[in-house]
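Colleague: Handing you a structure now.
The values are calculated or read from the model by the stated rules, or taken from the named source; none is laboratory data. The model shown is predicted, which means the values in this text are computed figures rather than measured ones. Backbone-built Cβ (ideal geometry, glycine too); neighbour counts: all protein chains shown.
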Amino acid sequence: MSNYRRAKIAGGIFFFTVVTHDRTPYFADESAIQILRAAFAKVKTARPFDIEAIVVMPDHLHCIWRLPTGDDDYSGRWREIKKIASRQLDPVTNLRNERPVWQRRFWEHAIRDEEDWSRHMDYVHYNPVKHGLARRPIDWPWSNFKKAVAKGWYEPAWGSDEPAHIAGLELE
């Protein structure tokens, strides 16, 4: 058993990488992404949080969440999102009564400052280009990049070339 300790910061901002079991491309089609979207919506209704950035790839996703003031329980939210989505994505359970849709754990990183936030935002939105799934971030339908453009955080043509400050950054 590992001694890994999660960062607990009430009201914090966190970057996450969540990967499917054995990198199975569960999210290669729109119906599976709609299941995931519904799971997020259900959990957000019961336990609010803000999604500042998100990209769903066929076998993993990245996102940045802002938790409410006084709340540090992102693990409980992820547990519920994974549970809700798994029930619909794979009805078969293993010997441990698990549906093998997700890796058991996830990667989290507490965002430290505005520069760190910006670098992780860029990483999230550039990910489909990095993986050869889109020519530009705006071309990938399973991210909130267009919302970020509408907020004035990015120009629509951003990401045609890899930003230097995320070159070589591996958060998967």
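Colleague: Run down S75, S143 and say which single residue is within 15 Å of the chain's Cα centre (by Cα) and loosely packed, with under 14 Cβ neighbours inside 10 Å.
Modeller: The conditions single out S75.
Colleague: OK, next. Name the single residue, out of those in region 42-57 being farther than 13 Å from L67 by Cβ and hydrophobic (A, V, I, L, M, F, W, C), that is surrounded by the most Cβ atoms within 10 Å (Cβ to Cβ).
Modeller: V56
Colleague: While we're looking at this one, here's another question. For residues that are assigned to a loop (DSSP other than H, G, I, E, B) and touching a Lys or Arg at 6+ places or on another chain (Cβ under 6 Å), tally how many sit in region 42-77.
Modeller: Residues flagged as assigned to a loop (DSSP other than H, G, I, E, B) and touching a Lys or Arg at 6+ places or on another chain (Cβ under 6 Å) within region 42-77 amount to 3.
Colleague: Can you confirm whether region 160-171 contains a residue that is outside any helix (DSSP H, G or I), under 19 Å from the mean Cα position of the chain (by Cα) and aliphatic (A, V, I, L, M)?
Modeller: Scanning region 160-171 turns up at least one residue that is outside any helix (DSSP H, G or I), under 19 Å from the mean Cα position of the chain (by Cα) and aliphatic (A, V, I, L, M).
Colleague: Within region 10-41, count every residue that is surrounded by 14 or more Cβ atoms within 10 Å (Cβ to Cβ) and assigned to a loop (DSSP other than H, G, I, E, B).
Modeller: Here the count works out to 2.
Colleague: Quick one: how many residues across region 111-156 are touching a residue at least 12 places away in the same chain (Cβ under 8 Å), part of a loop (DSSP other than H, G, I, E, B) and not basic (K, R)?
Modeller: Total satisfying the criteria: 9.
Colleague: Also, quick follow-up: Consider only pairs whose beta carbons are under 9 Å apart and that are at least six residues apart or on different chains; among these, list those whose first residue lies in region 44-55 and is of a type in the set (K, R) and whose second residue is at pLDDT 95 or above and not in a helix (DSSP H, G or I).
Modeller: Short answer, once both residue conditions are applied: K44/D50; K44/I51; R47/P68; R47/D71; R47/D73.
Colleague: In addition: Quick check on region 96-110. Is at least one of its residues in a helix (DSSP H, G or I) and either surrounded by 13 or more Cβ atoms within 10 Å (Cβ to Cβ) or at negative phi (or both)?
Modeller: No, region 96-110 has no match at all.
Colleague: Another question, if that's okay. Got at least one residue in region 83-103 being closer than 21 Å to G11 by Cβ and either in contact with a strand residue (DSSP E or B) (Cβ under 7 Å, 6 or more places away or on another chain) or of a type outside the set (D, E, K, R) (or both)?
Modeller: No, region 83-103 contains no residue that is closer than 21 Å to G11 by Cβ and either in contact with a strand residue (DSSP E or B) (Cβ under 7 Å, 6 or more places away or on another chain) or of a type outside the set (D, E, K, R) (or both).
Colleague: Continuing with this model, one more query. Of the residues D22, D29, D50, only one is closer than 21 Å to A148 by Cβ, out of contact with any Gly (no Cβ under 9 Å at 6 or more places or on another chain) and not aromatic (F, W, Y); which?
Modeller: Just one listed residue meets the conditions, D50.
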